[in-house]
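The values are calculated or read from the model by the stated rules, or taken from the named source; none is laboratory data. As the structure is a computational prediction, the values presented were derived from the model and not from experiment. Cβ placement follows ideal geometry from the backbone for every residue including glycine, while neighbour counts extend to all protein chains displayed.
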Amino acid sequence: MRNTLILLLIALAVGAYVYVYEYKGEEQRQKIKEREEKLIAPEKEEISSWEIYRGGDHYKFVREDGHWRITEPVSTGAEDVTVDGFLRDLTSAKKIRTIHVTGKDKTPYGLKRPEVRIRVEAGAEHDSVFLGASSSFGDNIFAGKGDSVVFLTGAGLKRKAQKSLFDWRDKKALHFEKDAVRRIVLKSPRGAYEFKKAGVSWKLTRPVTDKADPGAVRAMLNKLDYANVLSIEAESAEDKKSYDLDKPAYVIELYQGENQSRSAVAFSAPRGKMAYGKDEARPQIFKVDTLFLEPFNKSLFAFREKKLTDFGTASIRRVTLLNDGVFMEFKKDTSSRWIGVNDTLEARDIKVTTLISAVSGLRAASFVAEKPKSLRRYGLEKPAAVVELFIDDKPEVRLEFGKVHGDRRYVRDALDGRVVTVKEKDLEDILLTHDQMYKTK
């Protein structure tokens, strides 16, 4: 029994040794090996600041509140994705081959006066690497750390280090949280506009009150969120007049969140194919092309929602159509087919369905009057046709059709009173006759 216990203890001790030395030890040795193979010791997430010297250029970067800033040669924001991408390449770069050059001249390796020098800090730890000449061994370069050892590493790292100040810096015209924007105020050569978000939709509140075209609002926000400036023209805005920014042609103000925090950017009138701009919160003056300004250089018509109706086609249960002096009414039966009311003929189900779809897609070609006192001039005092769509007892849609004007026809939305024009060809599936709506015997 005693011998068995001793053997068991020995087996446990051997097992513990194997686990600690072979498994855990191997894991630790692998980590040490991987760290020794790295060109730079710190991990990307550990780096708090770093510098790069390239020719006569010196750039210094500092991490602040999770973002990178350039502190030398100017103080400005850095482009996080560019900096993080380079640091990812730097901290994952490997020593492909080691060459001992004790007492030898480093000139053949391009390391006597290295083209690129990089220094990183990670808390109390710091590390440096020098990038030298290209090697004849594949797509590699020589690199060193200031001692008697030269390494081969991938040439891609050096290529990615060949960036100008503009390449490294933040290129956004304006910083804001797109999803948090609740109000937009725009001044442009076309006029002054104000937009407010109501739920998930946008409304125009100036110069008229109406639904805003969601695509037009989205285009403005996307341009500011995704597009980059072309260049930085001045590090300070002391001379706004030289850039036509003392009296800007465009001013865009974004109000975000419940507290309506404000971000604003101004642009000059175009000079040829270019224009100048300035973020109110930053000193720099930048340049953009005129394509940048297109989403903001729109008419009131372009900013308004052109869609005349907003309903779910499947929710409509009853349709009435007055056209050519004939009144027609249709209801959905229990099998969701359309039937005529008070008519001996069989209704054409597809015609009713198509009519509803056409009304759903009807768009204004122009906005004529909001609530005109007189409808006679539009032929709407006694409409030529009327369409009503019902979900329940109250009409969801009531459109009155007046006289034809060129290739357009006047239409009045009886529920809000405004008069618009629509293209006559868009009414081909709406203004249907009795013969078109019913099957003949």
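List of remarks:
- Within the range 115-162, the set of residues being among the small types (G, A, S) and in a helix (DSSP H, G or I) comprises G156, A161.
- Subset of the range 60-90 (residues that are touching a Leu at 6+ places or on another chain (Cβ under 8 Å) and over 30 Å from A234 (Cα atoms)): D89, L90
- Residues (assigned to a strand (DSSP E or B) and either of a type in the set (F, W, Y) or surrounded by 12 or more Cβ atoms within 10 Å (Cβ to Cβ) (or both)) located in the range 86-106: K94, R97, I99
- Residue in the range 141-154 that is farther than 27 Å from E233 by Cα, among the β-branched types (V, I, T) and surrounded by fewer than 15 Cβ atoms within 10 Å (Cβ to Cβ) present: yes
- Residue that is nearest to V397 (Cα to Cα), among those in the range 411-441 that are among the charged types (D, E, K, R) and in a helix (DSSP H, G or I): D426
- Any chance D343 is out of contact with any Lys or Arg (no Cβ under 9 Å at 6 or more places or on another chain), assigned by TED's automatic domain parsing to the domain that holds R408 and in contact (Cβ under 8 Å) with a residue 24 or more places away in the chain: yes
Rundown of residues vs (1) farther than 17 Å from G123 by Cβ; (2) under 29 Å from the mean Cα position of the chain (by Cα); (3) surrounded by 14 or more Cβ atoms within 10 Å (Cβ to Cβ), yes/no style:
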site: E37; (1), (2), (3): yes, no, no
site: E45; (1), (2), (3): no, yes, no
site: W50; (1), (2), (3): no, no, yes
site: R54; (1), (2), (3): yes, no, yes
site: R63; (1), (2), (3): no, yes, yes
site: G66; (1), (2), (3): no, yes, no
site: R69; (1), (2), (3): yes, yes, yes
site: T76; (1), (2), (3): yes, yes, yes
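- Long-range neighbours under 7 Å by Cβ, at least six apart or interchain, first residue in contact (Cβ under 8 Å) with a residue 12 or more places away in the chain within the range 417-431, second polar (S, T, N, Q): V420/S366; T421/S366; D429/T354; L431/N323
- For K211, the test of being out of contact with any helix residue (DSSP H, G or I) (no Cβ under 6 Å at 6 or more places or on another chain), over 27 Å from A78 (Cα atoms) and free of Cβ contacts under 8 Å to residues at least 24 places away in the same chain is failed.
- Flag for A275 being without any contact (Cβ under 8 Å) to a residue 40 or more places away in the chain and crowded, with 17+ Cβ neighbours inside 10 Å: yes
- Inside the range 376-401, residues that are over 16 Å from S336 (Cβ atoms) and either in contact with a strand residue (DSSP E or B) (Cβ under 6 Å, 6 or more places away or on another chain) or crowded, with 18+ Cβ neighbours inside 10 Å (or both) make up a count of 16.
- Verdict on V83 being part of a loop (DSSP other than H, G, I, E, B), assigned by TED's automatic domain parsing to the domain that holds Y53, closer than 30 Å to L254 by Cα and in contact (Cβ under 8 Å) with a residue 40 or more places away in the chain: no
- The range 301-329, subset under 45 Å from the mean Cα position of the chain (by Cα) and part of a strand (DSSP E or B), residue nearest to A192 (Cα to Cα): R304
- Leading residue by the ranking (surrounded by the fewest Cβ atoms within 10 Å (Cβ to Cβ)) among those in the range 163-194 that are of a type in the set (K, R) and outside any loop (DSSP other than H, G, I, E, B): K178
- Scanning the range 358-388 for residues that are over 14 Å from F401 (Cα atoms) and not in a loop (DSSP other than H, G, I, E, B) yields A358, S360, S366, F367, A369.
- Residues considered: D343, D310. Of these, the only one that is at pLDDT below 95 and surrounded by 12 or more Cβ atoms within 10 Å (Cβ to Cβ) is D343.
- Search result, residues across the range 383-402 that are under 17 Å from L362 (Cα atoms) and charged (D, E, K, R): E388, E396, R398, E400
- Residue in the range 405-418 that is within 23 Å of E370 (Cα to Cα) and either outside the structural domain of A347 (by TED's automatic domain parsing) or over 39 Å from the mean Cα position of the chain (by Cα) (or both) present: yes
Yes/no matrix, rows are residues, columns are (1) at pLDDT below 95; (2) over 30 Å from K287 (Cβ atoms); (3) not assigned by TED's automatic domain parsing to the domain that holds A78:
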site	(1), (2), (3)
D139	yes, yes, no
S148	yes, yes, no
K196	no, yes, yes
T209	yes, yes, yes
M220	no, no, yes
I232	no, no, yes
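- Some residue of the range 409-419 being within 23 Å of R304 (Cβ to Cβ) and among the β-branched types (V, I, T): yes
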